[in-house]
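Enquirer: The structure that follows is given in the form of structure tokens.
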Amino acid sequence: MMYKGFYTLGPDDFVGLDYYELSWKKMFLMRFDYRRNIAPEWYVKFIYNMAPNPKIGGEKIYPLDVNILNGFGMSLLYDSILGPVELTLGRGEQVGGDGEKNWQNQTYFSAGFKF
């Protein structure tokens, strides 16, 4: 068991991957977010993530198209009285057991405040 590893937790960490799909002892993430208010209580957010994949190329970052995992998504958020309600649609790369990358779709839903 990897008790000192970092585990991603869905769209707040890396959009496009399933929960706990990305876990390493050393991790470098780059994230770009753009959030826009489209109505008094409605927001839309665009997300792009990238992370080096140490299982491909021995933790070499370059070339980016081979050694980086990508994920992108769009989120719709409603700021309700009981807390934010957010629906996120994401698409991200996953690496299979044979080392080949495949694209997968993910949907995330969250409601209420996080304590």
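The values are calculated or read from the model by the stated rules, or taken from the named source; none is laboratory data. Remember, it's a predicted structure, so these values are computed and weren't measured experimentally. Glycine also receives a Cβ, built like all others from the backbone with ideal geometry; neighbour counts cover every protein chain displayed.
Enquirer: Could you tell me how many of the residues in region 76-114 are in contact with a Pro (Cβ under 7 Å, 6 or more places away or on another chain) and under 19 Å from residue 21 (Cβ atoms)?
Expert: 3
Enquirer: What about residue 28, is it modelled with pLDDT of 90 or more, in contact with a strand residue (DSSP E or B) (Cβ under 8 Å, 6 or more places away or on another chain) and not polar (S, T, N, Q)?
Expert: Judged against the criteria, residue 28 is not a match.
Enquirer: Across region 35-73, what is the total count of residues that are modelled with pLDDT of 55 or more and either touching a Ser or Thr at 6+ places or on another chain (Cβ under 9 Å) or buried (at least 16 other Cβ atoms within 10 Å of the Cβ) (or both)?
Expert: Residues flagged as modelled with pLDDT of 55 or more and either touching a Ser or Thr at 6+ places or on another chain (Cβ under 9 Å) or buried (at least 16 other Cβ atoms within 10 Å of the Cβ) (or both) within region 35-73 amount to 19.
Enquirer: Mind listing whichever residues of region 84-105 are under 18 Å from residue 44 (Cβ atoms) and of a type outside the set (Val, Ile, Thr)?
Expert: Residues satisfying the conditions are 84, 86, 87, 89, 90, 91.
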